[in-house]
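The values are calculated or read from the model by the stated rules, or taken from the named source; none is laboratory data. Note that the coordinates shown come from a computational prediction; the quantities given were computed from them, not determined experimentally. Heads up, the Cβs are rebuilt from the backbone with ideal geometry, glycines too, and the neighbour counts pull from every protein chain shown.
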Amino acid sequence: MSSVRDIRFWTTAIIVAVIVGALASAAFVPVLALLVLSGVVALVALHPRNAVIALALASPFYDLAVIQVSGVADIRILEVLWAVAAVSLMWRISSGAETRFVAPPRWFTLGIGALAGWFFVAALASGAGLRPLIEAVQTGYLVVIAYLVAGVVSGTTSGELLRWLRPWAVVMSLVLLLSLGGYVLGFVPVAQTIVKVPEMSVEYAANAVLVQDSGAAQVQISRLSVLNLGPVGTAAALVSILIVALAFALSDAGHKSARLAWLVMGSGGLVLLLTYSRAGWALAIVAAALLMLAARSRKATITLSLFALALAVFGSLPSVASRVEDFANVGEGSYQAHARMWVTAAYMISEHPIFGWGPGMYAEEANAMDINSWMATDISADQPHNWLLEISAETGVVGGIIVIALVGTILIYGWRRLKNAQLPVLAVWVATGAYVAMNLTLNAFRTEMMWVWFGAVIGFSAWQSQVDTTAAPEEEDSCAS
């Protein structure tokens with residue numbers, strides 16, 4: 001009887017009923033896929049706290065699996081699972097069944113609430129219809145993710161996190177190696193899995209490897225993507241992941257963790273190199289050097305020397321050298337395309353400075369403006385490739401101020417509490433800052449991974465505060481003796 005009153009029971013039952021109801025006259029493979037999905041939904045509903053950790057680790061692949069309904073709407077499977085986890089976890093917290101969730105600081109809750117609220121205000125003020133409202137709901141979904149991750153991480157021990165990270169490191173390495181294999185053969189192994197509900201067909205879409213010219217010598221480079229992330233998105237995800245892996249490799253977290261960390265770094269470092277992302281390379285070099293200097297150990301000194309040697313070797317490769325040469329060429333295609341996008345965003349901000357054009361409306365409006373079309377005329381300006389310009393153009397200067405204040409406060413708050421933490425914990429802050437910086441040249445700020453990092457910084461900050469509080473009396477006792 002108690003299970004019937006549990007909201008998790010009804011959440012699971014409704015979702016399973018919808019999925020099973022779509023199985024009429026279906027083939028075996030789609031039926032199997034949807035049955036597996038039903039099982040996953042049930043597990044998430046029954047174990048929401050563990051699900052939050054698992055979904056946070058899966059956040060780099062936010063767009064991998066999609067349910068397409070009649071060609072009208074796309075539902076990403078990760079969105080469904082996050083929603084189920086949120087409802088189930090909040091139910092358990094309110095009923096007292098979950099006691100290991102530590103509510104984030106009030107300023108954080110108010111800050112993410114203000115951001116989500118302003119997105120709704122901008123959506124309504126724009127008068128642009130349904131698209132801005134959908135984007136506002138998406139923003140609300142993202143801030144809920146940050147809240148959940150912050151609360152769950154705060155109540156999780158280091159041993160529990162290690163038990164999650166070890167198998168995840170193996171899976172991540174296999175994904176990276178699979179992508180490298182596809183790169184050698186000239187295709188993306190699995191770009192996206194699409195489950196079409198009405199026709200009940202499952203298709204696997206594989207995108208071709210991006211090939212472009214680079215450098216004054218016009219050297220052709222083939223840019224690697226991990227699954228469906230694209231080269232720049234892959235670089236952004238990898239830079240932050242590799243920072244944490246490097247911290248584990250340099251710390252005394254145990255031989256098994258160190259070996260797995262080196263496995264992730266070896267496969268991920270090669271993938272990052274082959275993305276040919278200049279911003280990714282630059283951020284990875286700076287972050288890795290700072291982390292190795294912060295470690296202050298003999299192992300870190302040796303690693304830093306090998307790191308410098310590897311940079312010299314790879315820098316001598318013609319393809320890498322030609323891509324590095326593009327740094328100094330402001331007439332290069334990427335610079336031109338970005339300049340056009342940024343100028344368009346600046347114009348949009350000047351036209352609607354208070355409420356903006358509405359969330360998601362940059363892509364709708366920018367191409368029609370045709371601003372500075374002499375720059376990279378073959379590249380559309382549907383993405384400003386800068387998170388701050390995008391938010392300011394779509395939600396006005398007020399939206400830009402709110403997001404700057406929120407992100408800045410998160411980073412300052414995290415630094416004050418994590419600067420003296422163990423290296424893997426400090427690396428979480430560095431990884432978050434690196435991901436924010438990468439989003440000055442791409443549009444992944446409003447995806448799950450960014451908000452998972454924000455939640456992790458808040459969660460680990462609370463975690464570290466508890467560690468410091470516990471350690472303080474011991475230090476006093478030792479001094480007294």
| Which of the residues spanning region 95-132 are over 30 Å from Ser465 (Cβ atoms) and in a helix (DSSP H, G or I)? | Phe119, Phe120, Val121, Ala122, Ala123, Leu124, Ala125, Ser126, Leu130, Arg131, Pro132
| Among the listed residues Arg416, Arg446, which satisfies the condition of being among the charged types (D, E, K, R) and either in contact with a Gly (Cβ under 6 Å, 6 or more places away or on another chain) or assigned to a helix (DSSP H, G or I) (or both)? | Arg416
| message | Any residue in region 299-316 that is in the same structural domain as Leu423 (by TED's automatic domain parsing) and among the aromatic types (Phe, Trp, Tyr) sitting within a Cβ distance under 9 Å of a residue that is surrounded by fewer than 16 Cβ atoms within 10 Å (Cβ to Cβ) and modelled with pLDDT of 75 or more? List the pairs, counting only those 6 or more apart or interchain. | response | Phe307/Ile285; Phe307/Ala289
| task | Sort through Arg131, Arg163 and tell me the only one that's free of Cβ contacts under 8 Å to residues at least 12 places away in the same chain and charged (D, E, K, R). | result | Arg163
| said: For region 51-64, which positions are closer than 15 Å to Val452 by Cβ and either in a helix (DSSP H, G or I) or at pLDDT below 85 (or both)? | reply: Ala51, Val52, Ile53, Ala54, Leu55, Ala56, Leu57, Ser59, Pro60, Phe61, Tyr62, Asp63
| message | For region 167-181, give me each residue that is more than 18 Å from the chain's Cα centre (by Cα), surrounded by 14 or more Cβ atoms within 10 Å (Cβ to Cβ) and in contact (Cβ under 8 Å) with a residue 24 or more places away in the chain. | response | Leu177, Ser179, Leu180
| Is it the case that Ala83 is free of Cβ contacts under 8 Å to residues at least 60 places away in the same chain, under 14 Å from Leu142 (Cβ atoms) and of a type in the set (A, V, I, L, M, F, W, C)? | yes
| Would you pick out the residues in region 349-368 that are surrounded by 23 or more Cβ atoms within 10 Å (Cβ to Cβ) and without any contact (Cβ under 8 Å) to a residue 40 or more places away in the chain? | Tyr362, Ala366
| Near pairs, Cβ below 7 angstrom, 6+ apart or cross-chain, from region 440-460 (closer than 23 Å to Leu389 by Cβ) to any residue that is in a loop (DSSP other than H, G, I, E, B) and hydroxyl-bearing (Ser, Thr, Tyr) | Thr447/Tyr62; Glu448/Tyr62; Met449/Tyr62
| Can you name the condition, by its number, that Gln383 falls short on among (1) at pLDDT 95 or above; (2) under 20 Å from Arg131 (Cα atoms); (3) not aromatic (Phe, Trp, Tyr)? | (1)
